[in-house]
Structure formats: structure tokens, C-alpha cells
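> Before anything else, here's the structure in question.
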Amino acid sequence: MTDPMERRVRAYHRTPTTAAEANNEDVALSMHLALEGPDGFAPLFDDYGIFFARVSETPAPAGTSEEILRSLVDPHLFALRDGGYGVVATRVARGGAPDGTERSSVLVATSPDLLTYDELGLLDLGVTDGVHRPAAVYDAASDTYLLQWTNDAGEAFHAAVTDPADGGLASPAEPGPVPGLEHGAPISIPADIARGLEVRFGPIVNTGARPLPDVEVAVGSAPTVADLPARLELDYSDGSTGSLAIAWDAEALAAIDTSAPGEHTVAGLVRQAVYPTPFSDERADPSVYRFDFNGVEKFLMIATKDLHMDPVNNAGEPVGMPIRMADRIEDLSDEALEAGRVTEVDLLVHGSLDADGNPMTGCFWAPEIHLIDGTLSILFMPSYGDPTDMWSGRASIVQLRKDEAGNHLDPTVPESWTATRHVLCADGSELNKIQGISLDMTYFEDSGTHYYAWQMLGSVFIATMDPADPTRLTGEPVRIVAPEYAWDNFIAEGPNVLVRDGRLLLLYSGSTVGDSYTTGLVTATAGEGVDLTDPAAWTRLNHPIQKSGPFNGEMQLGTGHGMWSEDEDGNLLYVFHARTDHKGLTGRDMFVRRVHFASDGMPVLDMETEEELLPELRDVAVTVTVR
């Protein structure tokens, strides 16, 4: 290693293998980073890509197409003159075939911190015989960047560039390499940049807990659990913090003799629910909602039936929109269903009529539960026809009825819900005027303005709406996320929004719904009246926020279409599906995870059980002093 205040990092691409190894062409042909540590260089982000090439042109209104998707090979990092970093690489077509630009040009990007990247485009080097294995370095003596490459014959060339950002050549290409410049050689980075890479792309682990405060109670009092610390405050390796609730020994607390002064110890157990994996078989696009059911806390679960990867007709088994309701999240699981602690009811089935009297015959895709204008609502997509035509699907809504006293009716009774109505544009026309189909609708509010976001044309669209009339938009649909990278390729779908610390965090999913399904993130400023129908209001993460990779010792594949939720203790949850062969089945299965926020403010969606809480911290005790 170099100076202890510095570390080295190197860039590379991988040789593609398979999606089952999270290393298909779309992943492998991108810039990966390895950071130097005591034992040498170690890959970051589970050896997944960190910087991906953008599409060659803005996706058309109908969406992203194969011919504009791009990948990259042979990335090289270098330091910029005024701070920050540059990347040069050879751009290729999706899958690795030449796209023609490698005859004369290199792909150039810059980054302030190696976490976010600004792709500047292609730099033409004035040659036509190939540009491969590029490398660059800033030369202080000439105040230029020296860029070298090899041509198709493997011969070295170099040129001087005034600034990679403006594409200006200071000299024409000349034969020979730049002395001392080696393609792919590591560069030194300051400790804070290295730390940022570890926080974003390395594991974050629990390192300890804050001491629990002692508790004092008065002589003759009757202490209760409310007198004891409610949560254990936790510290993590990146400097972030978190907490988990404590379940105290109520019997030991009740046994304390408060008739005289003294000290007593009460034991407790940190509540770290480890949910079944999978939580529910063949339930895709899951939604869990914490619901105040007329003064009683309940949890609702709803999802797409995905029997044998057939969400349209459910592989010939009964088609429906399943819902479960329980007092605890654990009791929404298949384990609880099999044990008889919960029942599952289909709110809609093949042949159910919509508000216009038309029979719905399949799909019932991506149901999400929201409270809209005080009314429990489900946004989802039904389809029509016999056989069912998924392209006939339309974003729709049903709402839970109330009795004369204003109390919600039982949400597990199909008759408690209104008839299905499509969500339409303000003028009553279809949302998707090109293909018809619209789906994956979600709802959120910011600064007093209410929004729907949904998928159509392979992209995420947004529009304003009035919660008093949830079947109509009040503004025109605007595309805010189109697939731009090989990792999300043809689809950006399943939006779901969380408001936290002045930011809107919008999750979306990309790639196909199989092993390569992946989760992305776009963010916007919350609470300041920003026009969220302006695409410029949203900032997009270049790399996925959740992906296929190892979790708790097993490979998880095809993670995606998740939603934010909350458990009994107020912990933030992420509920999503992934591909498994659990019980010999082949559909997309539901998973439930707690969410941690790293010190850089980014959500961690796959914190492992022992990363979240050291085993030795699960048992706690507090001293109760009677005075």
C-alpha cells in the first residue's frame, strides 16, 4: 500500500458468465472497482458493475430499444487536474459486439468521488484503425492529458488532450506509448474517497451498542415496561447508527419489590425478527401495509399471483388478487398460512366485473395498498379477454367502503370494496395512447401536491392527481425514468416512493423479471414545492441500489419490484420479490427485510442478519433502582 492516508483503486471489466452468477454480459461489461486493503485488492459491490455506459441516444417515446443500448470494456481511471477523477473506456454494443465507435473514439466520464458519474460522451482521436485498451494521465509539464491506446494490430499510439470534458486534441495521434502509463494500473485516492467507496459498496456491520441508561422508580410504585428503555441504540462500521426495539421480561419487572429501596436487574431480548425466506412462495410485486383498522393495528399483504412464472393465467390454477390480514407481519407469511394463523382471500377472480360491467379475466398485477384521502385503496392492473390479453391491462383502483359511522369495512371481504375503475387522463382518455397497457401504479404526496407514478412504454411516468377523484389525473403524464443502461435495459417499472430527511427516494426495477431483475433509485428534493413532473427534478443513480448477489450465505437472484413498508416497532421495511426454486416451484417469491441507512444517507436493502446485530448484543439487561 502507499501513504497510510491514501489507498489505491483499480478499474476493470469482467468476463461474462451467467445471470445466475450475477455476471451476465449486462453486468460484466461495465466498470468494476477493486479497493486495496491489507490483503491486497478486493472487489467492491460483490464484484458487480459500478459505472455503466448510457444509451447512445435518448430513448424514443415508445421506450428503449436494443440498438441504442451500450456497454463498455477496458475502463481506466485517472486523476483530473482540478480534483475528481476521469474514466476512459472502449464503448461497445450491448453484449460486447463492436458498435463502430471503437474505430476512432473512447468513452469519457468524470466523477467527483467515484460514487456518481457524468458520462461526457465520445472523444474522437482522429484515427480509424481502432482504439482499444485506453489509458490516460494528467501531465503537469504540458498541462494536458496524455491518452494512449492500441490499434487493431496491437500497436501503441498516444495523443495529448487539452481537457477530456471539451474533447479538444492538443496533438494528433503519434506512434508509441506514454512512458510509464499502463492500462488498468491502479491510482491512489485519499482516505476519505476510499472510505466513501467502502460505505457505498462494501459491507456495513454492527460494531457495538450504546449503554442502556439505568432506571429509577419510586418506592411503592408499580414499574411498567414503559419505564424501561424502548430501543437499543446501535453503532455501525461506517459511522451510521440504528436501533432495534427491546422486549423486556414482564414477569421479572412485575416481581420487583418496590416496598423498599434496592437495585434489581431486568433482562430483555432485542427484537430482530428474521422473516422466513422466502416469506411467501410465488407472490410477486408484494405490498405490506400497516393499517389502522378502526382503532386496531393490522397488517395487510397483497401481491401478484405468480404461479410457475405465469402471472397472467397462473399456470391454469385459479386466477385472483390475494389479500391477507394479521396482527403481526410474521403472521402474513406462508408459514402462518399453513399453520392456520392467517387466511388468504382473492378479492377479485377470473370473471369479476369492473365498474363498466366488463369481466376481468387475468393478471391482477402489482397491487399496492395506499391511504388516499382517508380511504384505503388498492392500485393494480387487471386484464381482459378470453384468453386473457395482458396488453389489455389498465392501471385501476378499488377502494374500501365505510359504514355509516365512517368505519372501514373488513378489507378481507371482497364485497367491502368498490368496483374496479380505470385511472384515466384528465380528459377521460387512456394513459397509454401508444400501446394501451398501463401498470405498476403508486401514489405519493409532496408539498401538498398528490401524484401517481406508474409504468407504461417500458418507462416510469408521473402525473398530478386529486385524491378526491382518484380515477383521473389532473396533469399530463411525463416520463421521468427510461431505461438507459445495460443493467435495466428495456424496462423501468414498479415505482415506489419514500419521503425521508428532505428527499424522495423512488425505487424502480429494471431488466426482465427473471434472474437479472434489478432495483434502481432516483431521488428528488422533498418538502420544498419542487415540480416533480419536471424530469430535471430527479437524480438517477447510475448503478443498482439492489441486485442479485449473496445474502446470508445464499445467492439471491432477480431482486426487484419492492415497496417501502413499516413493521410493528416502526422499523422501515423493504418488501420485494426474488427468483427461487423453493419447494420445487419456479415463480417469483416474496421477501421482507429491514432497511438500514448508511452514513452517506443511502438505503441498504440487503443488510445481513449478523451485520445488523452482533449475536452477543441480542440479550440485554437494565438496572432498575428503587429509591
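The values are calculated or read from the model by the stated rules, or taken from the named source; none is laboratory data. No experiment lies behind these values; they were computed from the predicted model shown. Please note: Cβ atoms are built from the backbone with ideal geometry, for glycine as well, and neighbour counts cover all protein chains shown. Please note that ligands, DNA and RNA were not included when accessible areas were found on the heavy atoms of the full protein model with its side chains. Shrake-Rupley method; radii C 1.70, N 1.55, O 1.52, S 1.80 Å.
> Are there strands (runs of 3 or more DSSP E) fully within the stretch 1-115 with at least 1 residues that are closer than 30 Å to N432 by Cα? List them.
70-79, 85-93
> Going by the structure shown, is D354 farther than 23 Å from H577 by Cα, at pLDDT 95 or above and under 28 Å from the mean Cα position of the chain (by Cα)?
no
> Looking at L400, is it over 26 Å from A284 (Cα atoms) and open to solvent by less than 10 Å² (accessible area, probe 1.4 Å)?
no
> Which condition number in (1) of a type in the set (V, I, T); (2) assigned to a strand (DSSP E or B); (3) under 26 Å from P278 (Cβ atoms) is the one that V398 fails?
So V398 meets the others, but not (3).
> May I ask you to say which residue of L371, L376 is of a type in the set (A, V, I, L, M), in a strand (DSSP E or B) and open to solvent by less than 40 Å² (accessible area, probe 1.4 Å)?
L376
> Could you say whether any residue in the stretch 2-18 is within 29 Å of L457 (Cβ to Cβ), surrounded by 20 or more Cβ atoms within 10 Å (Cβ to Cβ) and of a type in the set (G, A, S)?
no
> In the stretch 291-330, how many are touching a Leu at 6+ places or on another chain (Cβ under 9 Å), assigned to a helix (DSSP H, G or I) and either buried (at least 19 other Cβ atoms within 10 Å of the Cβ) or among the acidic types (D, E) (or both)?
3
> Across the stretch 411-434, what is the total count of residues that are without any contact (Cβ under 8 Å) to a residue 60 or more places away in the chain, within 23 Å of L300 (Cβ to Cβ) and either open to solvent by 20 Å² or more (accessible area, probe 1.4 Å) or of a type in the set (G, A, S) (or both)?
Of the residues in the stretch 411-434, 2 are without any contact (Cβ under 8 Å) to a residue 60 or more places away in the chain, within 23 Å of L300 (Cβ to Cβ) and either open to solvent by 20 Å² or more (accessible area, probe 1.4 Å) or of a type in the set (G, A, S) (or both).
> Same structure again: Count, please, the residues in the stretch 26-41 that happen to be surrounded by fewer than 22 Cβ atoms within 10 Å (Cβ to Cβ), modelled with pLDDT of 95 or more and charged (D, E, K, R).
The total comes to 1.
> Determine whether the stretch 132-140 contains at least one residue that is touching a residue at least 60 places away in the same chain (Cβ under 8 Å), within 30 Å of F201 (Cα to Cα) and either open to solvent by less than 40 Å² (accessible area, probe 1.4 Å) or in contact with a helix residue (DSSP H, G or I) (Cβ under 7 Å, 6 or more places away or on another chain) (or both).
Yes, the stretch 132-140 contains a residue that is touching a residue at least 60 places away in the same chain (Cβ under 8 Å), within 30 Å of F201 (Cα to Cα) and either open to solvent by less than 40 Å² (accessible area, probe 1.4 Å) or in contact with a helix residue (DSSP H, G or I) (Cβ under 7 Å, 6 or more places away or on another chain) (or both).
> Can G502 be described as farther than 28 Å from E610 by Cα and without any contact (Cβ under 8 Å) to a residue 60 or more places away in the chain?
It is true that G502 is farther than 28 Å from E610 by Cα and without any contact (Cβ under 8 Å) to a residue 60 or more places away in the chain.
> While we're looking at this one, here's another question. Kindly indicate whether E476 is closer than 19 Å to S565 by Cα and not basic (K, R).
no
> To continue, here is another question. Tell me the residue from L521, L532, L498, L506 that is at pLDDT 95 or above, outside any loop (DSSP other than H, G, I, E, B) and crowded, with 23+ Cβ neighbours inside 10 Å, please.
L506
> Would you be able to tell me the number of residues in the stretch 99-129 that are open to solvent by 30 Å² or more (accessible area, probe 1.4 Å) and either charged (D, E, K, R) or farther than 29 Å from I545 by Cα (or both)?
Residues in the stretch 99-129 being open to solvent by 30 Å² or more (accessible area, probe 1.4 Å) and either charged (D, E, K, R) or farther than 29 Å from I545 by Cα (or both): 10 in total.
> Hey, any hits in the stretch 265-276 for a residue that's modelled with pLDDT of 95 or more, buried (at least 17 other Cβ atoms within 10 Å of the Cβ), in contact with a Gly (Cβ under 6 Å, 6 or more places away or on another chain) and farther than 18 Å from E568 by Cα?
no
> Restricting the search to the stretch 59-92, which residues are open to solvent by 20 Å² or more (accessible area, probe 1.4 Å), touching a strand residue (DSSP E or B) at 6+ places or on another chain (Cβ under 7 Å) and on the phi < 0 side of the Ramachandran plot?
Residues satisfying the conditions are R70, V73, A79, L80, R81, R91.
> Ok, one more. Within the stretch 367-388, does at least one residue satisfy the condition of being more than 28 Å from the chain's Cα centre (by Cα), closer than 19 Å to L573 by Cβ and not basic (K, R)?
no
> So, of the residues in the stretch 157-215 that are among the acidic types (D, E) and over 27 Å from the mean Cα position of the chain (by Cα), which turns out to be nearest to G126 (Cα to Cα)?
E174
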